[in-house]
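Accompanying notes for the structure given below.
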Amino acid sequence: MPDANLPDLRRCDAVLFDLDGVITPTAEVHMHSWRAMFEELFAQWGIEPAYTDQDYFDHLDGKKRYDGVATLLRSRDVEVPWGDPSDDPSLDTVCGIGNRKNIVFSRVLAEEGIAAYPGSLALLDALAAVGTPVAVVSSSKNARDVLTAAGILDRFPVIVDGATAERDGLPSKPAPDMFLAGARQLQAVPARSAVLEDALSGVAAAAAGGFGLVIGVDRGAGAATLTAAGAHVVVGDLAELVGPATR
């Protein structure tokens, strides 16, 4: 049974969802793609210590692709030129390395497809039934492709993604700008709106934006760390929120 103490999302002006790891299990695809790319790069360049999955949570998860590359390399005292988003994936620039990873991600998405978490679909259905506005706020430039592959693109009238951030000059999470842009497009007051996030950087961004309800979704980061980053409530799956959303 749903926990009666969980928040009732229908009282919010709007609900803003991160995508990877919140609506779809694309975080796993991202993790595998980053690991494959960085393990090869570290081996070629003799970088130590070796890449680990914790690097994903600490430096990549929730951030724009190029910011994540720069942050991870900096953690190993490695600096390379930033380059340009049009850089060929073979170039040893921040953008080139980021584009290299995206090739792996796009191939996996095309070959295997993606399906939304059932609990996330159930919550979206519940919010739609009571007319609560929703948006996707994702650092990924692949957000629209992922939503299309999952068959749920039409559920979100507002999408603020990595491409939006690059176009509008919005800084990466943990800065709050992307979430605030989503709230503005929905004409929602952040203090009366909710954010659902699985990434530490995303939780911190929502907290910094003054959102009235920040819900951490624990897909591996850990409930304690999500709470420390600013989550008011932590759930393991969005199905836990379906009862409160429809009461």
- Do we have residue 27 as surrounded by 15 or more Cβ atoms within 10 Å (Cβ to Cβ), closer than 21 Å to residue 198 by Cβ and out of contact with any helix residue (DSSP H, G or I) (no Cβ under 7 Å at 6 or more places or on another chain) here? yes
- Only one residue in 104, 130, 108, 94 is aliphatic (A, V, I, L, M) and at pLDDT 95 or above. Which one? 94
- Message: Only one of 145, 177 is farther than 13 Å from residue 29 by Cβ, free of Cβ contacts under 8 Å to residues at least 40 places away in the same chain and not aliphatic (A, V, I, L, M). Can you tell me which?
- Response: 177
- Query: Which condition does residue 77 not pass, out of (1) on the phi < 0 side of the Ramachandran plot; (2) in a loop (DSSP other than H, G, I, E, B), if it passes all the others?
  - Reply: (1)
- Mind checking which residues of region 57-77 are buried (at least 22 other Cβ atoms within 10 Å of the Cβ) and among the aromatic types (Phe, Trp, Tyr)? 66
- Note on the structure: residue 60 meets each of (1) touching a residue at least 40 places away in the same chain (Cβ under 8 Å); (2) of a type outside the set (Lys, Arg); (3) closer than 26 Å to residue 190 by Cα with one exception, condition (1)
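Residues checked against (1) under 13 Å from the mean Cα position of the chain (by Cα); (2) among the polar types (S, T, N, Q); (3) in a loop (DSSP other than H, G, I, E, B):
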residue: 30; (1), (2), (3): yes, no, no
residue: 42; (1), (2), (3): no, no, no
residue: 69; (1), (2), (3): no, no, no
residue: 73; (1), (2), (3): no, no, no
residue: 85; (1), (2), (3): no, no, yes
residue: 92; (1), (2), (3): no, no, yes
- Task: Would you check if residue 202 is closer than 22 Å to residue 70 by Cβ and touching a Ser or Thr at 6+ places or on another chain (Cβ under 6 Å)?
- Result: no
- Message: I want to confirm something. Restricting to region 78-99 and keeping residues that are out of contact with any Ser or Thr (no Cβ under 8 Å at 6 or more places or on another chain) and hydrophobic (A, V, I, L, M, F, W, C), which single residue is most open to solvent (accessible area, probe 1.4 Å)?
- Response: 91
- Task: Please enumerate the residues belonging to region 210-236 that are modelled with pLDDT under 95 and assigned to a helix (DSSP H, G or I).
- Result: none
- Return the total of residues in region 195-247 being under 13 Å from the mean Cα position of the chain (by Cα) and surrounded by fewer than 17 Cβ atoms within 10 Å (Cβ to Cβ). 0
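The values are calculated or read from the model by the stated rules, or taken from the named source; none is laboratory data. Everything numeric here is computed off the predicted structure, so don't read it as measured data. Here the Cβ is made from the backbone with ideal geometry for all residues, glycine too, and neighbour counts use every protein chain on show. Side chains are part of the model used for accessible areas, which takes the heavy atoms of the whole protein and leaves out ligands, DNA and RNA. Shrake-Rupley method; radii C 1.70, N 1.55, O 1.52, S 1.80 Å.
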